[in-house]
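*Asks:* Next up is a structure, given as structure tokens.
The values are calculated or read from the model by the stated rules, or taken from the named source; none is laboratory data. Bear in mind that the values here come from a model prediction, so they are computed numbers and not experimental data. Here Cβ is always computed from backbone atoms with ideal geometry, including for glycine, and neighbour counts include all displayed protein chains. Ligands, DNA and RNA are stripped out before the accessible areas are found, and what is left, the full protein with its side chains, is counted by its heavy atoms. Shrake-Rupley method; radii C 1.70, N 1.55, O 1.52, S 1.80 Å.
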Amino acid sequence: MILLRLIDAINIFIGKAVSFLIWAGIIVLCFEVVARYGFGQPTLWAHGYTQRIFGAYFVLVGAYTLIKGDHVRVDIFLNTRSPRINAALDLFNCAFLILWGLVLTREGWLLFEDAWSFNELDDSALGHPMWPIKLSLFLGALLITAQGVAEAIRSIILIINPCADVKRSELA
């Protein structure tokens, strides 16, 4: 149970910290709108930075979203059966999440490694380095995979003992 709480705590901390990226993205977008339409001076960098900000936000907040139970689910099949069947269905879902996460984590690492090794730059006029966004893909996939493993463990415990206390961290 300590491992589950540790995974939850890490993902809650990162999810809450990363949530502030929304504000950075909004500021950059507002700056671009004012510069473009207010002063007729569009920027070269705003579009690329907002893509990176929102891309990093999207992948890094995924595990926190899983903890909160805010991913899209078909609840007509879940929560209408016994606790053991619900746990078994959750375990089935977690198996696919973990498989997807492992593949994406591996690919994210390879993409990051290539971008770092070859000093990959984007094709914009400013030629931004690509490794930061590829690192966020790797980290986000790793975090959601770890949370998927934690959820799978919770499901296994509930299959064995439907009355077990496997609640997620209260910090969420």
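*Asks:* Just to be sure I understand, how many residues within the stretch 84-135 are assigned to a loop (DSSP other than H, G, I, E, B) and touching a residue at least 24 places away in the same chain (Cβ under 8 Å)?
*Replies:* Selection size over the stretch 84-135: 5.
*Asks:* Give the residue that is most open to solvent (accessible area, probe 1.4 Å), with candidates limited to residues of the stretch 1-57 that are of a type in the set (Ser, Thr, Tyr) and more than 30 Å from Arg154 (Cα to Cα).
*Replies:* Top of the filtered list is Tyr37.
*Asks:* Let me ask another. State whether one or more residues within the stretch 6-28 are among the small types (Gly, Ala, Ser), without any contact (Cβ under 8 Å) to a residue 40 or more places away in the chain and farther than 27 Å from Met130 by Cα.
*Replies:* no
*Asks:* Among the residues of the stretch 117-159, how many are open to solvent by less than 20 Å² (accessible area, probe 1.4 Å), among the polar types (S, T, N, Q) and under 17 Å from Gln51 (Cα atoms)?
*Replies:* So the count comes out to 1.
*Asks:* Right, here's the next one. Being in contact with an Asp or Glu (Cβ under 7 Å, 6 or more places away or on another chain) and among the hydrophobic types (A, V, I, L, M, F, W, C) is true for just one of Ala9, Ala35, Ala46. Which residue is that?
*Replies:* Criteria check complete, one pass: Ala46.
*Asks:* With respect to the numbered conditions (1) surrounded by fewer than 12 Cβ atoms within 10 Å (Cβ to Cβ); (2) closer than 30 Å to Ile159 by Cβ, which one is the sole condition not fulfilled by Ala88?
*Replies:* Ala88 satisfies all of (1) surrounded by fewer than 12 Cβ atoms within 10 Å (Cβ to Cβ); (2) closer than 30 Å to Ile159 by Cβ except (1).
*Asks:* Can you name the residue in the stretch 136-172 that is part of a helix (DSSP H, G or I) and among the charged types (D, E, K, R) and, of all such residues, is farthest from the chain's Cα centre (by Cα)?
*Replies:* Here the residue is Arg154.
*Asks:* Name the residue, out of Leu104, Leu99, Leu110, Leu66, that is crowded, with 18+ Cβ neighbours inside 10 Å, modelled with pLDDT of 95 or more and under 30 Å from Ile153 (Cα atoms).
*Replies:* Sole residue among the options that is crowded, with 18+ Cβ neighbours inside 10 Å, modelled with pLDDT of 95 or more and under 30 Å from Ile153 (Cα atoms): Leu104.
*Asks:* Taking the stated definitions as given, is Ile53 within 17 Å of the chain's Cα centre (by Cα) and modelled with pLDDT under 95?
*Replies:* When the stated conditions are applied, Ile53 passes them.
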